[in-house]
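The values are calculated or read from the model by the stated rules, or taken from the named source; none is laboratory data. Computed from a predicted model, the values in this text were never measured in an experiment. All Cβ positions, glycine included, derive from the backbone under ideal geometry; neighbour counts span all protein chains shown.
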Amino acid sequence: MTDLPARPSRRALLGGAVGTALAVTAATGPARAATREAPWPTEFPLPAGWLPEGITIGARPYAYQGSRAHGGIYRTDLRTGRGEVLYAGATGTASIGLKLDRDGLLHVAGGGGGTARIIDARTGAILRTHQLTAATGHFINDVILLGDRAWFTDSREAVLYGVPRGRPGEVRALPLTGDWQQLPDVNNANGIVGSPDGTGLIVVKSTPGELYHVSLRTGAARRITLSGAADVVNGDGLLRIGRTLYVVQNRLNLISVWELNAKVTTATLRRTITDPRFDVPTTAARFGDRLYLVNARFTSPQTPQTTFTAVAVPR
């Protein structure tokens, strides 16, 4: 994980500016998978009917999981597996991708509502809502925190949205050009991470299953050549550690692990991670030597009675 510029204080953010954060959902510090008292759980429940999709973890051992059902946020203690509802959500909203910054603020992609929200991870209070798109015909899917902006993908339009952080300013719309070809009536841009040198973004195109390196300056998207596999079909959440890129391929129930070259022009498949507990995992977050994923269970009934879990695997 690369070093980032100095972050603004919570006081500055609560005064009207959106805070800064990690470029990769990752953790530092005493991130052990077990304590002397008891091993940390590798599976824990989420509320019935939660419909999870995003997960993020900061420097402390707490996971935050969003809900597609109502936009709520659930917080789980990784040491015990016990959790609580941090934010109950509201009818007609969704929390899809989310990232936690070092000031304890959650940046949340609002799905079909076309929003980006900032939520206090301590209290659950909504601090700010940005309406990025029209309320229909779009799907704000995932987010990464890089430099002075939070960057959001729209799966239904060839545009990334950069929300200012730590200062007032306008949302930046960055049209995707170059090799990018938007396909109709399917999810295109999905997961997003910063490139290893911090100057660009890596975006997965779920259909037909491609990776792109996007210039932050121009929006030009260059397709990354994949070596060792034909595609990353059903690519959903992305996680990058150095030049290692983890791609969660949801309906395939696996994580493909890729090595990026220095110029981010090629990615070589090194291995895949599977687990019998995977049930359409969508997004991964790192804590210590583990990856934590939520099971969205897209192929199961999505009802108020449907059960959901998060699972941990060695990275």
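Determine, yes or no, whether GLY113 is in a loop (DSSP other than H, G, I, E, B) and touching a Leu at 6+ places or on another chain (Cβ under 6 Å). When the stated conditions are applied, GLY113 does not pass them. When the stretch 224-252 is filtered for residues that are of a type outside the set (Lys, Arg), in contact with a Pro (Cβ under 7 Å, 6 or more places away or on another chain) and over 14 Å from VAL204 (Cβ atoms), only GLY242 remains. Per the listing GLY169, GLY178, the residue uniquely in contact (Cβ under 8 Å) with a residue 40 or more places away in the chain, of a type outside the set (S, T, N, Q) and either on the phi > 0 side of the Ramachandran plot or buried (at least 23 other Cβ atoms within 10 Å of the Cβ) (or both) is GLY178.
In the stretch 253-279, the qualifying residues are those that are of a type in the set (Val, Ile, Thr) and touching a strand residue (DSSP E or B) at 6+ places or on another chain (Cβ under 6 Å), and the one that is surrounded by the most Cβ atoms within 10 Å (Cβ to Cβ) is ILE255. Are any residues in the stretch 146-170 polar (S, T, N, Q) and over 14 Å from VAL193 (Cβ atoms), and if so, which ones? Hit for the stretch 146-170 is SER155, nothing else. Assuming THR123 fulfils every condition listed in (1) under 18 Å from ASP236 (Cβ atoms); (2) assigned to a loop (DSSP other than H, G, I, E, B) apart from one, which condition is it? For THR123, the exception is condition (1). Residue pairs whose Cβ atoms lie under 6 Å apart, separated by 6 or more positions or on different chains, with the first residue in the stretch 82-99 and on the phi < 0 side of the Ramachandran plot and part of a loop (DSSP other than H, G, I, E, B) and the second among the acidic types (Asp, Glu) and modelled with pLDDT of 95 or more, are ILE96/GLU53; GLY97/ASP142.
The one condition from (1) in a loop (DSSP other than H, G, I, E, B); (2) touching a strand residue (DSSP E or B) at 6+ places or on another chain (Cβ under 7 Å) that THR283 does not meet is (1).
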